[in-house]
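Each remark here refers to the structure printed beneath this line.
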Amino acid sequence: MTDISIRNVKVLDGTGSPAFEADIEISDGRIKTVGSAGAAALEIDGLGAHIAPGFIDTHSHDDGAFFRHPGMAFKLAQGVTTVVAGNCGFSAIPADPSVDSARASGGILAGIEAGFTDLDGYFAAVLAKGPAINNMMLVGHNTVRSMVMGNEKRAPDARELQQMYGLVEQAITQGACGFSTGLIYTPGKWSQTEEIITLAKAAKATGALYTTHMRNESNRLLEAVDETLTIGIESDVHVHISHHKAAGKPNWGLVKESLQKIDAALGRGQRVTLDVYPYTAGSGRMIEYFNLDNINRDFAEVVRIAGCPAFRHYEGRMLVDIARDEGVDIADLVRTILTAPKGDRTICIHFTLDEADIATNLRHADMMVGSDGIPDLRGRPHPRLFGTFPRVLGKYVRQDKVLSLPEAVRRMTSLSAQTFGLLDRGKIEPGYWADLVLFNPETVIDTATYDEPQQEPQGIHTVIVNGQLALQNGQHHNTGSGKMLRYRRAAYGES
Ligand SMILES: [Zn+2]
C-alpha cells in the first residue's frame, strides 16, 4: 500500500517549469507517482497549495546545531529539508576529541559533542540524535589548518601541506561535498593562494566543490573573485562563491562587476556557482571585524550585538545605543566586549549591504539561496536563520517580482542538488526521495525580525522529509527522518 497520497496541489517540480496539477504518491521514502493517487495509509489534502521539492540551504553553519537542536525547527519551518554545513572554512570534521573545536571556531561550531574524528564518525553521532532534516558536509580549511599548524602566520612546509591534504582527502573520500575556505578568518587568512590550490585538488577525485568565503567582500571584492577563479582553474575544481556581496556603502553595486567576471568565466567553460542571503545585514564573529589597536568607528556605528556570552544584556542592541546609554566611548565599548572572558565568542550583525545588490544577485541564473544563519538560539541571531527561504518567496518573488516562482524554486532545489551532489533529490519525479514542502505562494513570508528573530514563517504548512511527515500546520513531528548525505552517493549507512 502507498504510504502517503497528496491531492489537490499544484506541482512545482524544481526544474523551473510552471506549476501543474497532479497528485503525488509516496512509498518507502520515495516519490512513487506524479499523476493520480490511489488510497494510502495517510492522505493529505493540499487545499490548493503548491508543492515543491524540499528547499536546500547551501550555506549553513549547522554542524553543532544537529547535536543541540536535532529537531532543526528553524530550518524545517522554512521548508528546508537539507542543509550544507561546514561552510566558511569551519567544519565539525576533522576533529581531535581533545581539542574544543567550538572554541577554535569562535563559537560558530557551538554544540558539537566530542567523540568522533572523521566524517563517518560525525555522521553516526548526528544520526544517533534523530535529526529532523538531511545534512551534507564540507570539510573546512580553517579547521584543518588549525589542527595541523595551530595559528601559525606563515605558509605550511611540505610535511604540513601533505598532512592537511590528507585530512581534506579523507573527508572527500568519505563523502564530503567539498572543501570550504573562510579567507577573512583566522587562520585561513594566513594562507597564500598556492596552499588553497593544492588542497582544493583533493576535491577533484569525486568531482566535489571548492566553496569559499572569499578573502575580501568589500573594496577588494574583484581581486578576491579573481583569486577564486584562479583557484578553480588551477585545481580543476568547480568553485562556489558563498554569500556573494559588496559590503560598505562605497562598494555597493560592485556585485555587478563581480558577476560580469563570473559570466566571463562561465563563457570560457569554467564551472562557477554562487549563493546569497536576502538581507542587507551580514553577521559573524565580532572579533574578526575589528582591529583592537585601531577601532573603526564608522563600522562600529552599524553594528548590533546578536549573541554575547560576556554581556547577555547587550544582545539585540546597537553599539551606538549601548554606548550612549552607558555614557562610554564606542571604541572603548568594542574593546570592553571583545577582551572580556568569552568576548571572542561575540556574534554581531552589521548593516553594511545594499538592497539593490540583493536583487542583482537574485537575478543571476546560477545564484542559489543560502541562509548563512548562525544557530545560536540563546541570543538574538540574525533573522536569516529563521526567515531566508520564505523571504525570497514572499518579498523577492511575490512583492518585488525580481524572479519568477518556478525559477526561485529551481534555485532552491534542483540547481542546489545538482551542484552539491545530492543523489535523487531536488526534483519532484518518480524515484526521487520524497523531500517535499507544501506552501501558499500568496501568503508565504518571513516573520523573523532583528528585534524578534526567533519566529517561524507563515504560509508553509506541510514538510515531508524522506517520505515522513515532519511538519504540519506549525506542528513539528520530530520524526527524526533526516539522513546524512554523501556527495553523489547513497546516504551514510546505506549502500
Ligand atoms: Zn562566510
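Quick notes
- Restricting region 453-495 to residues that are assigned to a strand (DSSP E or B) and among the hydrophobic types (A, V, I, L, M, F, W, C), the residue that is nearest to the chain's Cα centre (by Cα) is MET484.
- Residue match in region 194-210 (condition: assigned to a helix (DSSP H, G or I) and surrounded by fewer than 16 Cβ atoms within 10 Å (Cβ to Cβ)): yes
- Scanning region 93-109 for residues that are within 16 Å of the ligand (Cβ to nearest atom) and crowded, with 24+ Cβ neighbours inside 10 Å yields SER105, ILE108, LEU109.
- Region 281-299 - residue that is in a loop (DSSP other than H, G, I, E, B) and buried (at least 16 other Cβ atoms within 10 Å of the Cβ) and, of those, modelled with the lowest pLDDT: TYR289
- If the condition is being touching a Leu at 6+ places or on another chain (Cβ under 7 Å) and part of a helix (DSSP H, G or I), then region 122-146 contributes HIS141, VAL144.
- Hey, ILE112 crowded, with 22+ Cβ neighbours inside 10 Å, of a type in the set (A, V, I, L, M, F, W, C) and at pLDDT 95 or above or not: no
- Taking region 52-63 as the range and being within 16 Å of the ligand (Cβ to nearest atom) and either modelled with pLDDT under 95 or more than 13 Å from the chain's Cα centre (by Cα) (or both) as the test, no residue passes.
- Residue check, LEU221 over 28 Å from PHE290 (Cα atoms) and either over 20 Å from the mean Cα position of the chain (by Cα) or not small (Gly, Ala, Ser) (or both): no
- Within region 47-61, residues that are of a type in the set (Ser, Thr, Tyr) have Cβ atoms under 9 Å from residues that are assigned to a strand (DSSP E or B) and away from the ligand (no atom under 16 Å from the Cβ) in these pairs: SER60/VAL80; SER60/ASN135, counting only partners at least 6 apart in sequence or on another chain.
- Residue count for region 170-193, restricted to those that are crowded, with 20+ Cβ neighbours inside 10 Å and either outside any loop (DSSP other than H, G, I, E, B) or without any contact (Cβ under 8 Å) to a residue 24 or more places away in the chain (or both): 9
- Taken over region 119-150, residues that are surrounded by fewer than 17 Cβ atoms within 10 Å (Cβ to Cβ) and either among the acidic types (Asp, Glu) or in contact (Cβ under 8 Å) with a residue 24 or more places away in the chain (or both) amount to 4.
- Among residues of region 16-38, those that are in a loop (DSSP other than H, G, I, E, B) and more than 28 Å from the chain's Cα centre (by Cα), counted: 5
- Put simply, of ASP321, ASP329, ASP344 the only residue that is touching a residue at least 40 places away in the same chain (Cβ under 8 Å) and either touching a Cys at 6+ places or on another chain (Cβ under 9 Å) or acidic (Asp, Glu) (or both) is ASP344.
The values are calculated or read from the model by the stated rules, or taken from the named source; none is laboratory data. Since the structure is predicted, the reported quantities are computational estimates derived from the model, not experimental observations. Note that we place each Cβ from the backbone using ideal geometry, even for glycine, and neighbour counts take in every protein chain shown.
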